[in-house]
Amino acid sequence: MLRQREVAERIKQYILHNHLGPGDALPTEAELCEAVGASRSSVREAIKTLTALDIVEVRHGHGTYVGRLSLAALVESLAFRGLLSRADDFRVLSELVEVRQTIEQGMAASIVTASDEALHGELLDLAEQMAECAARGESFIEQDREFHLLLMEPLGNELLTQLTAAFWDVHAIVAPSLDTTPESVRETVEAHRAIARAVMARDVAAFVRAVEAHYAPVRDNLREGLQSGGSGPVPAGPGDF
């Protein structure tokens, strides 16, 4: 009897070999059993696994379809890993910040070259919205997330955009819910303004420096947290994203 993992792999291969994409219908359960050479019970269990990974989607009363193929499972697993213990909290955040910074700085030339005036205006507007929220003592997490997703937009690379969103979401989930400082908020706002201005000026070097300035305070705080064994304070909230 085939193992559940083997059946799941065969269903994935079926999707690939038949060039199915997100939203396309899979055959009926009986037809799928025949196609992958497995029993109904094995196929049902495999479908459950693939549904959890967003590879397939079961629409009750309608059938089974290829899923959105999002990174939801990655977000869940990374967030859970970080929430297991305080020490992992700092470690996961530190790794996430490193990856986010590496992606943005690594794509600097492509971002500033491919950007247009419409994007320049949106980035600057979001940075000013952050400043206004900060002045009112409000969080600007939504604007911050949108800002970083917009940086990836000119690239036309869906995977990069999904990865950016996934890492940002994990960061938001795992970040310790401690008080932030007015200074860290000001630094965050100014860093976003500097990033927006660098994109507008198509200045790659300035963009790289602004991204470095954006993540430096977070990396320093996380480093302190790791050195203290996870017991030290790490500002969270608008200044940590």
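Restricting to the range 1-11, name every residue that is out of contact with any Asp or Glu (no Cβ under 8 Å at 6 or more places or on another chain), part of a helix (DSSP H, G or I) and crowded, with 16+ Cβ neighbours inside 10 Å.
Those that are out of contact with any Asp or Glu (no Cβ under 8 Å at 6 or more places or on another chain), part of a helix (DSSP H, G or I) and crowded, with 16+ Cβ neighbours inside 10 Å: 8, 10, 11.
Among the numbered conditions (1) part of a helix (DSSP H, G or I); (2) open to solvent by 50 Å² or more (accessible area, probe 1.4 Å); (3) at pLDDT below 90, tell me where residue 69 comes up short.
Just one mismatch for residue 69, condition (1).
Suppose the filter is touching a strand residue (DSSP E or B) at 6+ places or on another chain (Cβ under 6 Å) and outside any loop (DSSP other than H, G, I, E, B); does residue 58 pass it?
Judged against the criteria, residue 58 is a match.
Only residues in the range 21-50 that are in a strand (DSSP E or B) count as the first member; pair them with residues that are of a type outside the set (Phe, Trp, Tyr), Cβ under 7 angstrom, at least 6 apart or cross-chain, and list the lot.
Here the result reads 25/63, each pair linking the range 21-50 to a residue that is of a type outside the set (Phe, Trp, Tyr).
The values are calculated or read from the model by the stated rules, or taken from the named source; none is laboratory data. These numbers were taken from a predicted model, which means no experiment stands behind them. Here Cβ is always computed from backbone atoms with ideal geometry, including for glycine, and neighbour counts include all displayed protein chains. All accessible areas refer to the heavy atoms of the entire protein, side chains included, with ligands and DNA or RNA removed. Shrake-Rupley method; radii C 1.70, N 1.55, O 1.52, S 1.80 Å.
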